[in-house]
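First up is the structure itself, then whatever we jot down about it.
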Amino acid sequence: MNLSFVSSLALAATLATPLAAHAQAWPNKPIRVIVPFAAGSTTDIVARAISDKVGASLGQQLVIDNKAGASGTIGQQQLTMAAADGYTIMIHSSSHTVSPSTFAKLPFDTVADFAGVTPIAAVPNALVVSPTKNLKSLKDLLAAAKASPEGLNYASAGQGSATHLNAEKFRVAAGIKATNIPFKGSAEAVNEVIAGRVDYYFSPIAPVIGQIKAGQLVALAVGSPRRASALPDVPTTAEAGVPNSEFNFWIGMMAPAKTPREIVDRLQAEVVKALAAPEVKERFVQLGLDAWTLKPAEFDSYIKTEIGTNAALVKAAGLSPADAPK
């Protein structure tokens, strides 16, 4: 046998051994989970709902690290700066596939710099208004928008967030005028809607279900393709008279792009296991969330497709990309 060939094989084996050993030893310390939205946001709630289960199964604590701002892009950048060793991951939302179209330039590549692990949940957005607005139905909201020369305004969890794009898809489909009022997260947006200073908000259900039940907010519709289990009597925007307005809002787990495949696969399996736990299922029902998982390669493919779909929506909505987040 050719000696140079044997030497090459030996060198390859030597280089591969540390990676294999690392993956087998993982995890041997706590895992940082970047959540690119504020504590109390739906993404944060989902991250905390599964972190204890995943951590217990792995034998290490998952530590939530909220890095809010710039529609999630600050947290995304933090992940791309982390070592690809399985000790830093991210739980983000479908804002991940929106920001490439709503920011003029990002300090990372939304596809190349990330490894999809799996979606975790599909999250219906509820179109909520303050009861002081005296809007009883989506038809009333549309009438109010068309009666106002300047239209209405709506809250979002930031320029380029999934809540922003859900509202824009609705605006385009309904043919109304409406201005985006961006906030750093859901908590601020909800407070402004309750106070009546902002007309409406396509909010994930989790942060507003309590206020809806307490009568502080009125849910006129949900922006998802199907009705929400937590609000079964509330119609979808399509059912309420605005076809082609549905938006699929999801929350999922990602890792740095070069994270060993064995670790990515293990994380995906642990999320699937956590979602099957009775207490997690019950928590998701309370929050109006639908568990949803994919294999890592399937999730990567889904993300690529959705980036293109959202780019088309941004163009149709006539949105101007914002400056790069700082």
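Every read-out reported here was derived from the displayed coordinates using simple, explicitly stated rules and does not represent laboratory data. As the structure is a computational prediction, the values presented were derived from the model and not from experiment. Counting neighbours? That spans all protein chains shown, and the Cβs are built from the backbone with ideal geometry, glycine included.
DSSP beta bridges confined to the chain are antiparallel in about 55 percent of cases. Counting only DSSP beta bridges with both residues in the range 125-222, tell me the antiparallel percent, nearest 5. Looking only at bridges with both residues in the range 125-222, the antiparallel portion is about 55 percent.
Per-residue 3J(HN,Hα) values for the range 261-277, derived from phi via the Karplus relation 6.51 cos²θ - 1.76 cosθ + 1.60 with θ = phi - 60°, read 4, 4, 6, 4, 5, 5, 4, 4, 5, 5, 5, 4, 5, 4, 5, 7, 5 Hz in sequence order (x marks Gly and Pro). Tell me, what is the FRET efficiency for A269 and T309 to the nearest 0.05, using R0 = 30 angstrom and their Cβ-Cβ distance as r? With R0 = 30 Å, the Cβ-Cβ based efficiency is 0.60. With the dipole of the chain worked out from charges on the C-beta (+1 for Lys and Arg, -1 for Asp and Glu) around the Cα centre, which of S148, L138, H164 lies farthest toward the positive end? Going by the Cα projections, it comes out as S148. Over the chain, DSSP H runs of length four or greater, each weighted -39,500 (n - 2.57), average out per residue to a 222 nm ellipticity of -13500 deg cm²/dmol.
What FRET efficiency comes out for K146 versus R226 if R0 is 30 angstrom and r is the Cβ-Cβ distance? Round to the nearest 0.05. Approximately 0.65, to the nearest 0.05. The 3J(HN,Hα) values that the Karplus relation (6.51, -1.76, 1.60; θ = phi - 60°) gives for the range 240-248 are, in residue order, 7, x, 10, x, 6, 10, 6, 9, 8 Hz. Gly and Pro appear as x.
Centroid-to-centroid, using Cα positions, the range 25-83 and the range 132-188 are 30 Å apart.
Using only the alpha carbons of the chain, what is the convex hull's orientation-averaged projected area in square nanometres?
18.3 nm²
Simple rule: put +1 on each Lys or Arg Cβ and -1 on each Asp or Glu Cβ in the chain, find the dipole, and look at T110, T73, A230; the Cα lying farthest toward the positive end is A230.
When V234, V117, V35 are ordered from fewest to most other Cβ atoms inside 10 Å of their Cβ, what list results? Could the numbers behind the result be given before it?
Working: V234 22, V117 29, V35 26.
With the fewest neighbours first, V234, V117, V35 line up as V234, V35, V117.
So if I place +1 on the C-beta of Lys and Arg and -1 on the C-beta of Asp and Glu, and nothing else carries charge, what would the dipole magnitude of the chain be about its Cα centre? I want it in debye, nearest 20. Let's see the in-between values first.
Values: 28 positive and 25 negative charges, 60 e Å.
Once rounded to the nearest 20, the dipole reads 280 debye.
Ordered by the number of other Cβ atoms lying within 10 Å of each residue's own Cβ, fewest first, T237, T309, T110, T73 fall into the sequence T309, T110, T237, T73. Distant-in-sequence amide contacts of I176, defined by a placed amide H-H separation under 5 Å and a gap of 5 or more residues or a different chain, comprise nothing. Each of K136 and Q216 was given a label point 7 Å from its Cα along the Cα-to-Cβ line. The distance between the two points is 2.5 nm. When the pairs K213/K315; K105/K133; K67/K295; K295/K315 are compared against a 32 Å limit on Cα-Cα distance, K213/K315; K105/K133 fall above it. Label-to-label distance for A195 and A104 is 3.1 nm, based on points extended 7 Å past Cα in the beta-carbon direction. Amide H contacts of F103: A322, each under 5 Å away and 5 or more positions distant or on a separate chain (H built 1.01 Å from N in the peptide plane; Pro and chain starts excluded).
About its Cα centre, the dipole of the range 116-261 is roughly 240 debye, where the only charges are +1 on Lys and Arg Cβ and -1 on Asp and Glu Cβ.
Enumerate by residue number the trypsin sites (Lys or Arg not before Pro) in the range 83-146 meeting two conditions: DSSP loop (anything except H, G, I, E, B), and at most 13 other Cβ atoms within 10 Å of the site's Cβ.
K105, K136
Taking amide H as placed 1.01 Å from N in the peptide plane, I64 has its amide H under 5 Å from the amide H of V33, each at least 5 places away in sequence or on another chain. For the range 165-180, 3J(HN,Hα) computed residue by residue from phi via the Karplus equation (6.51, -1.76, 1.60; θ = phi - 60°) reads 6, 4, 5, 6, 4, 5, 4, 5, 5, 7, x, 10, 8, 7, 10, 6 Hz, glycine and proline entered as x.
Listed by chain and number, the aspartates and glutamates placed with their C-alpha closer than 16 angstrom to that of K53 are D44, E270, E279, E282; residues fewer than eight positions away on the same chain are left out. Stretching the chain fully between K258 and A83 yields a gain of 62.1 nm (0.36 nm per residue, less the alpha carbon separation).
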